[in-house]
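Inspection log for the structure reproduced underneath, given as structure tokens.
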Amino acid sequence: MKLIRSILLASCVTTAFAETDMHRLIWNDDPATTMTVAWRQLSDEAVVYYDVVDYGREAMSYGNIQSTTRKNSHLGISTHFAHLTKLKPDTAYYFLIADGDSVSRRYYFKTASDKYADFTFIAGGDTKSRNKNGGNPAKKTAYDYGRMSNRMVAKLRPLFVLFVGDFTSNSDKAERWVDWFNDWNEDTCSTDGRMYPLIPVHGNHENPNGLEDLKSLFGTPESVYYTIDLCGDFMRVFVLNSELSSGQMSKKIENMGEKWDAQKAWLEETLEGSKLFQYRVAMYHRPMRPHTKRKNPSKRAYEDWAPLFEKYHLNLSFDGDAHMHKITYPLVPAIDGEDGFRRDDKRGTMYIGEGSWGASPRPADALRDWTMSHGSFNQFKFIHVQKKKFYIHTVITDNEAEVGSLHEGEEFGFPKGIKLFDTPGMGTAIRYPFKK
């Protein structure tokens, strides 16, 4: 209580921002009733003040206080988590992070509904770290393009973001993560203070310490595979870890094959228990069949996951890693199909990706007869979810400075100046269930 009283007193007399940074939101529990607030602690212990009423930066006016529920030091970064629980579904919550000397900016977030409601989300991944070596400041780098994609999040106002891995160039360097999280906080926060929760995936650039990176910096479960349920039994997201089959990981972590087998068993059991969900969606980093010749197929994921996706009718699959754009027709694994797949519009899984949130695009030069849409540019997917259909839009992010912003209540529109990829014969919105 002494700490809380000191913070309350400080909040009344100071306008300084809190000695915290790297502010972010993560969903790793029920998105209708919980939210995880995370930050780097730079001085005294901090707490989160929150309420359904906006009291600005007057911390002692907020009706709820949550102290740190978990903390760790990884790569020398002191990460604190405050897990907010018993929240109201489909509700805006305003919050501050405050320590003994200062108070953060006032932010807010929205919880998901606990029953069906329309929503939007963004899916993508693959960014790069800041170029510390100088160079031509007038020339845009992968780092710059990544920040453009970040700022598009703030303008589109999704309910949440599926980030399919590869956050930095060098995940074993603390300064890379500090850059990434501070950029994320600055860029993706809308002008009115709204923040957007991440659901993160382990990518190859998080190797070989990826299990620890994800657990320590995002508060994910130990295995880094789990599910998130949205809108009651409307949609279940399967967060999978393609890196458990990685040779780079296997050299550093014992019993990696056993970890992969445990994930496969968990996936089948959890899919079996997910039949009541209207939609089942997976996210992971490495594509089973990359659409660039610069990347190799993910053999174990194809052999172990694709049959389960078919058996339990997984609807959508999001991946990254290859740094380009692709959307396939709905597919099922088939020995007689091209590269192991054939089109099945009724029972198939639509595979969507492949990264390039900012990381330099690679050529889309490994196309199959079941490839619906492809291209080489910086992009992410902006999905409008309705009860009986999804509309999947590919947002080209390199003109971010020319794009306007949506406002609260306009989340199902498109801001002025936005560039959406136009798939020949399909248009700018790909529908699922697929209908040409």
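The values are calculated or read from the model by the stated rules, or taken from the named source; none is laboratory data. Because the structure is a prediction, the values reported are computed rather than measured. Glycine gets a Cβ as well: all are built from the backbone with ideal geometry, and neighbour counts include every protein chain shown.
Couple of notes before you dig in:
- Scoring Val224 on the criteria (1) buried (at least 23 other Cβ atoms within 10 Å of the Cβ); (2) farther than 21 Å from Ala282 by Cβ leaves a single failure, condition (2).
- Subset of region 359-396 [polar (S, T, N, Q) and closer than 23 Å to Phe414 by Cα]: Ser373, Ser376, Asn378, Gln379, Gln386, Thr394
- A Cβ distance below 9 Å, combined with a sequence gap of six or more or placement on separate chains, defines the contacts here; from region 59-84, residues that are part of a loop (DSSP other than H, G, I, E, B) reach residues that are small (Gly, Ala, Ser) in the pairs Thr68/Ala46; Thr68/Ala82; Thr69/Ala82; Leu75/Ser171; Leu75/Ala174; Leu75/Ser216; Gly76/Ala174.
- Residues that are of a type outside the set (A, V, I, L, M), in a helix (DSSP H, G or I) and in contact with a strand residue (DSSP E or B) (Cβ under 8 Å, 6 or more places away or on another chain) within region 152-193 comprise Trp177, Phe181, Asn182, Trp184, Asn185, Thr188, listed in sequence order.
- Ala174 free of Cβ contacts under 8 Å to residues at least 60 places away in the same chain and out of contact with any Lys or Arg (no Cβ under 7 Å at 6 or more places or on another chain): no
- Qualifying positions in region 22-43 - modelled with pLDDT under 95 and in contact with a helix residue (DSSP H, G or I) (Cβ under 8 Å, 6 or more places away or on another chain): Asn28
- Hey, Phe167 aromatic (Phe, Trp, Tyr), touching a residue at least 24 places away in the same chain (Cβ under 8 Å) and touching a helix residue (DSSP H, G or I) at 6+ places or on another chain (Cβ under 8 Å) or not: yes
- Residue list for region 194-219, restricted to those being in a strand (DSSP E or B) and under 20 Å from Ala322 (Cβ atoms): Pro200
- Test: residue in region 220-232 that is under 30 Å from Tyr55 (Cα atoms) and either at pLDDT 90 or above or in a loop (DSSP other than H, G, I, E, B) (or both): yes
- Asp304 fulfils the conditions (1) closer than 16 Å to Tyr225 by Cα; (2) surrounded by 24 or more Cβ atoms within 10 Å (Cβ to Cβ) except for a single criterion, (2).
- Residue in region 246-262 that is surrounded by fewer than 19 Cβ atoms within 10 Å (Cβ to Cβ) and either assigned by TED's automatic domain parsing to the domain that holds Ala92 or modelled with pLDDT of 90 or more (or both) present: yes
- Residue within region 368-381 that is more than 18 Å from Phe119 (Cβ to Cβ), hydrophobic (A, V, I, L, M, F, W, C) and not in a loop (DSSP other than H, G, I, E, B) present: yes
- Residues that are part of a strand (DSSP E or B) and closer than 14 Å to Pro158 by Cβ, drawn from region 390-429: Phe390, Tyr391, Ile392, His393, Val395
Residue-wise test of (1) modelled with pLDDT under 95; (2) closer than 21 Å to Tyr196 by Cβ; (3) surrounded by fewer than 23 Cβ atoms within 10 Å (Cβ to Cβ).
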| residue | (1), (2), (3) |
| --- | --- |
| Tyr93 | no, yes, yes |
| Gly100 | yes, no, yes |
| Arg105 | no, yes, yes |
| Asp118 | no, yes, yes |
| Ile122 | no, yes, no |
| Asn131 | yes, no, yes |
| Asn136 | yes, no, yes |
